[in-house]
Each structure stands twice: as C-alpha cells, then as structure tokens.
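Accompanying notes for the structure given below.
Since every read-out is calculated from the coordinates, none of them should be taken as a lab result. This one's a predicted model, so the numbers in the text were calculated from it and none came from an experiment. Heads up, the Cβs are rebuilt from the backbone with ideal geometry, glycines too, and the neighbour counts pull from every protein chain shown.
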Amino acid sequence: MRNYLSKIDKKTSDLIRMIGQEADRKGISAYVVGGIVRDILIKEKNFDLDIVVDGDTALLAEALAKQGKGRVTLHKSFGTASVKMPEGWHIDFAAARKEQYVRPGALPTVQAGSLEDDLFRRDFTINAMAIAINPRLWGQLIDRFGGLKDLWAKKIRILHDQSFIDDPTRILRAVRFEQRLGFSIERKTLVLMKAAIGQEALRTINPSRYFSELKKIFSEADPGRYLKRLSDLGILKPLHSQLSIDLNDWNRFCRNIRALRCQALYRNMDFGLVYFIGLIAKSPMAVREGILERFHWTKTERESIRQSLGVRDILGQLSARGLTPSQVYKILRPMTGETVLYLRARALRPEICRRIDRFLVKDKGVKLYITGEDLKRVGIVAGINMGKALQEILYLKIDQRVCTKKDELNAVLSLQKQTGDRKAPY
Ligand code: ATP
C-alpha cells in the first residue's frame with residue numbers, strides 16, 4: 001500500500017507522527033482530513049491541520065500540547081479541541097461526524113458518525129480525503145469519492161447533487177479553489193452551481209456566512225483575478241443588488257496592490273480589507289451604506305471603509321505643493337493602516353506616493369526624547385497643555401527642525417516664550 005506521507009517535509013512529518021503516536025498510546029485512531037490532505041498531495045504549504053479521531057479529542061489535544069509545548073483550547077459544547085503550536089501550526093481535533101440539512105441554507109444538525117460520514121459531509125471530492133496517521137496505518141489514503149483522480153485531473157466536483165442547495169457557501173468555495181489552484185469546475189457541478197445561483201440559493205444563508213466566505217476570497221494571495229468570475233456568475237449580487245464593477249479600474253487597482261504587496265512596509269496589513277474597499281469605494285453612497293449596514297464589520301474595518309470614501313479629497317490634500325512632512329503626518333496619522341494602503345494604491349502622482357511612503361517608513365514612528373516629566377519641570381501643567389506642547393515638538397521633530405533631547409527642551413522653552421505665559425503656553 002502506498003505511503004502518502006513519505007514525501008512531506010520533515011517538520012510536518014515529525015508533527016503528524018507525534019500526533020499519530022500519541023493517538024496510538026491512547027488507543028485512538030486518528031486521520032488528517034480535508035484541505036490539508038489536498039495540500040499534502042499537491043505539495044502546498046498549509047499550517048492548518050484538521051485531525052479526525054474516533055475517540056476523546058480533549059485527551060489527545062492535551063497530550064499533544066504537553067509534548068509539543070503548545071497551547072490547547074477545548075470547545076466542550078462541540079466536543080472539539082484545538083492546539084496552537086509554537087512554530088505556527090494550528091491543529092483542530094474533532095470526532096468523526098455526520099451532518100443533515102433540514103432546510104436549504106440552514107446550519108446542519110450534527111451527530112456522531114463514521115470516518116466515511118465525515119468525509120461525505122464535505123464540499124468537494126478533493127477536500128474529502130483522509131490519511132491515516134497511527135504508526136500501523138501511517139500514510140494510508142482513504143479516498144471514497146474519487147478525490148485523488150479529481151486532484152490529478154484538476155477538477156472541482158461536489159459529492160452529491162444537493163450539495164449547493166444544502167450549503168450555498170460552497171458556491172463561493174468552488175470559485176475560490178478553482179481560481180487559487182487553477183482547476184476547473186467539473187461540468188455537472190458547474191450546471192448545478194449555476195442552477196443554485198439562479199434559484200438565489202445564496203439568499204437562504206445567513207448574510208454573515210456569505211460574507212465570511214467572501215472575505216476568505218479577498219484574503220487569498222491574489223484575489224484580483226477572482227472578481228470577474230464572481231461577477232460573471234452573479235455571486236456578488238447578495239452583497240448589494242446595485243453593486244456595479246468597472247473591471248478596468250479594478251484591474252488597475254489590483255496591479256498597484258500587487259506591487260505594494262511585495263514591499264516589506266505593507267507586510268502586516270489586511271490586504272483582504274483593502275481589496276474589499278477597492279471593490280465598493282467607488283459605488284454610490286446608498287450601495288456603500290447598504291453594504292456597511294447589512295454585514296458585520298469590525299470597528300477597524302468600518303473605520304477604514306468610511307475613511308477611504310473620502311479618498312479624492314485626501315489625495316487632493318496630499319498633492320498640495322510644498323507640503324511639509326508634519327503636514328502629511330497630520331493628514332495620515334488618524335487613518336488606519338489599511339486606509340493608508342488604499343490611498344497609496346489609488347495615488348497616481350509619484351509625489352503623493354513618496355509622501356505616503358515617507359510617512360510609513362519614517363514619520364509614523366517618530367518619538368520624542370522628552371516626556372511629560374520634563375515638561376512639568378519647566379512648569380507646564382499636565383493635561384491638554386502638556387499634550388499640545390508634546391504634539392508641537394513632535395511636528396518640529398518630523399520636519400527635522402529639532403533633533404536631540406536638548407533641542408526638544410529648547411523648543412518647549414521657546415514655545416513658552418512665544419505665548420508669554422510660563423504656566424499655560426497654549
Ligand atoms: P484553505 O486552504 O483555504 O484553508 P481548506 O480546504 O482547508 O482551505 P477550510 O475552510 O479550512 O478550507 O475547511 C477545511 C475543510 O472543511 C475543507 O477542506 C472541507 O473538507 C471542509 N469544509 C469547509 N467548509 C465546508 C463547507 N461549507 N461544506 C463542506 N465542507 C466544508
């Protein structure tokens with residue numbers, strides 16, 4: 001029997017082996033399942049391990065966390081457990097289960113099941129395989145639905161005809177895998193998918209589920225090219241019925257984002273959010289507000305979207321002749337990182353790009369040497385006066401008009417002199 005784990009890299013292999021051995025010690029059968037199996041087979045890196053067991057998930061998760069110095073979280077009501085390992089691995093443990101959809105689009109009812117049931121509840125054949133990890137069965141592939149054949153043929157295929165009606169989020173998932181992997185959606189699957197879209201199946205699910213799958217699409221490495229497909233298939237309609245897309249503008253925007261993504265400066269930003277902003281920012285106010293209202297956004301997301309709507313105005317301000325670095329700072333400092341990135345991707349003039357880059361690389365992180373204590377010593381009282389004084393000196397420092405701590409103190413004193421009042425210079 002072929003060993004499907006023989007060619008994985010050593011670190012992944014060591015980790016999976018450790019889980020398999022722990023499972024064995026506890027008398028549990030364990031399997032890696034789902035997307036990680038697909039990625040192992042096509043040699044794609046994936047730090048999310050899904051493990052299905054026929055025993056106590058908590059017991060196994062705790063044993064692994066102890067051995068691998070990980071952090072365990074138990075989800076008692078679901079009977080699942082997860083472990084975060086120091087090297088970035090995230091491991092989910094669940095018992096095999098069977099799902100039933102009582103109503104299209106509703107969450108399924110769940111009951112204990114066999115490994116085969118657990119594979120049958122999955123979205124596509126390529127995501128419905130398992131590999132045994134106990135030492136005795138190490139590397140044995142369990143492929144009941146032809147996943148391996150579809151993987152080599154580069155096909156996305158559902159497991160049964162009702163799949164998209166049961167769970168229409170699979171429509172978005174199909175496009176995500178099609179575009180990410182460069183696969184095609186198998187003929188009958190595509191027919192059923194289009195039929196489900198035509199029946200407005202996406203409207204049967206809770207908007208938050210639709211939105212969360214859409215967000216996953218925008219968080220892919222290069223989601224720009226997914227949009228045409230989503231739009232052609234009518235999958236963006238539930239976002240807002242009047243959302244219209246200018247593909248030329250979108251492609252231009254995505255080209256700029258792709259170039260920025262390579263820069264270390266933008267490494268930790270939420271690119272998914274920036275793509276989203278790019279998608280909706282030029283729509284009429286009613287559309288944007290509708291989208292903001294209909295879906296759940298975090299505070300930062302909401303703030304970034306609202307700020308980005310004023311992009312024309314902000315870019316106008318940033319293009320003013322003779323703008324000092326501290327003036328740029330005053331414009332950009334209140335913005336979220338994602339808004340700044342969005343502005344940068346929309347900026348056409350090199351001068352504006354340079355100003356934004358300088359703000360990010362240098363001025364955003366400028367700190368003063370002096371503190372409130374230093375100000376108290378020269379008689380500036382705590383509160384708004386002190387805050388304002390520190391702010392003014394910071395602007396001088398950004399413009400490189402003060403440099404050392406002594407310069408900063410002298411600048412405070414001269415500010416005081418200008419106002420002529422030692423106690424309240426502002
Ligand atoms: P990614 O690499 O983007 O994380 P993934 O395949 O691992 O892709 P997840 O969303 O993490 O995707 O889901 C893990 C697995 O759970 C999938 O591979 C699939 O087997 C199953 N799954 C997830 N969502 C669904 C769904 N809506 N319907 C059926 N099965 C699903």
Starting from the Cα of Thr300, step 7 Å along the direction of its Cβ; do the same at Ala259; then give the gap between the two resulting points in nm.
-> 2.6
Could you tell me what percent of the DSSP beta bridges with both partners in the chain are antiparallel, to the nearest 5?
-> 75
Out of Tyr329, Tyr342, Tyr31, any idea which swings most in a Gaussian network model of the chain, alpha carbons joined below 10 Å?
-> Tyr329
Under unit Cβ charges (Lys, Arg +1; Asp, Glu -1), what dipole magnitude, rounded to 20 debye, does the stretch 157-267 have relative to its Cα centre?
-> 360
Place the peptides 246-259, 158-171 in order of packing, highest mean first, counting for every residue the other Cβ atoms within 10 Å and averaging per peptide.
-> 158-171, 246-259
So what's the gap between the Cα centers of the stretch 52-90 and the stretch 128-153, to the nearest angstrom?
-> 23
Please give the length that would be gained between Lys84 and Glu373 if that part of the chain were fully extended, namely 0.36 nm times their separation in residues minus their C-alpha to C-alpha distance (nm, one decimal).
-> 99.8 nm
Rounded to whole Hz, the Karplus (6.51, -1.76, 1.60) HN-Hα couplings of the stretch 222-229, x for glycine and proline | 9, x, x, 6, 6, 5, 4, 4
Estimated 222 nm signal from helices in the chain, with DSSP H stretches of n ≥ 4 weighted -39500 (n - 2.57), rounded to 500 = -15000 deg cm²/dmol
³J(HN,Hα) computed for each position of the stretch 157-171 - Karplus, 6.51 cos²θ - 1.76 cosθ + 1.60, integer Hz, glycine/proline x | 9, 6, 8, 7, 5, 8, 4, 6, 6, 4, 9, x, 4, 5, 4
Work through the residues other than Glu303 whose Cβ is under 13 Å from its Cβ and net out their charges, Lys, Arg +1 and Asp, Glu -1.
-> 0
How fast does the chain diffuse by Stokes-Einstein, in µm²/s, taking the Kirkwood radius from C-alpha pairs at 37 °C and 0.692 mPa s?
-> 129
Computed ³J(HN,Hα) along the stretch 288-294: with the Karplus parameters 6.51/-1.76/1.60, θ = phi - 60°, integer Hz and x for glycine or proline, the list is 4, 5, x, 5, 5, 6, 6
Placed amide H near Met129: partners under 5 Å, 5+ positions off or other chain = Gly34
For the residue pair His160 and Asn206, what label-to-label distance in nm results when each label sits 7 Å from Cα along the Cα-to-beta-carbon direction?
-> 2.4
What are the residues whose amide H is under 5 Å from the amide H of Ala30, where those residues sit 5 or more places off or on another chain and H is modelled from the backbone?
-> Ile133, Asn134
Estimated dipole of the stretch 240-365 in Debye, rounded to 20 [Cβ of Lys and Arg +1, of Asp and Glu -1, Cα centre] | 460
Computed on Cα atoms, the radius of gyration and Dmax of the stretch 240-365 in angstrom are 14.4, 44
Angle, helix 271-280 long axis vs. longest principal axis of the chain, Cα atoms, 0 to 90°, nearest 10?
-> 80
Over 22 Å (Cα to Cα) among Lys66/Lys98; Lys45/Lys216; Lys11/Lys154; Lys7/Lys45; Lys194/Lys228; Lys10/Lys84 -> Lys66/Lys98; Lys11/Lys154
Along the charge dipole of the stretch 217-309, which of Tyr266, Gln242, Ser283 sits closest to the positive end, that is, farthest toward it, with unit charges on the beta carbon of Lys, Arg, Asp and Glu (+1, +1, -1, -1)?
-> Tyr266
Might you report the magnitude of the Cβ-based charge dipole of the stretch 372-419 about its Cα centre, with Lys and Arg at +1 and Asp and Glu at -1, to the nearest 20 debye?
-> 100
Using modelled backbone amide H atoms (1.01 Å from N, in-plane), which distant-in-sequence or interchain residues come within less than 5 Å of Ala95's amide H?
-> Val53
Using only the alpha carbon atoms of the stretch 1-80, find the Kirkwood hydrodynamic radius as the inverse mean reciprocal pair distance, in angstroms to one decimal.
-> 13.4
Considering the options Leu74, Ser29, Ala112, tell which one lies farthest towards the positive end of the dipole of the stretch 10-152, charges being +1 on Lys and Arg and -1 on Asp and Glu at the Cβ, about the Cα centre.
-> Leu74
Rough spin-label spacing in nm, given labels placed 7 Å along Cα→Cβ, for Ser414 and Ala58 | 6.8
Scanning the chain for GluC sites (Glu not before Pro) in DSSP loops with at most 13 other Cβ atoms within 10 Å, what's the longest stretch left with none?
-> 201-426
The stretch 372-419: Cα Rg divided by the 2.2 N^0.38 Å rule of thumb = 1.04
Nearest 10 degrees, 0 to 90: what angle lies between the long axis of helix 207-218 and the longest principal axis of the chain (Cα atoms)?
-> 80
Using only Cα atoms, locate the centre of the stretch 196-259 and the centre of the stretch 290-313, then give the distance between them in Å, rounded to an integer.
-> 17
Extension length gain for Arg358 and Ser13 (0.36 nm per residue less Cα distance), in nm, is 119.8 nm
Note the angle between two axes, namely the Cα long axis of helix 299-308 and the longest principal axis of the Cα atoms of the chain, as a number of degrees from 0 to 90, rounded to the nearest 10.
-> 60
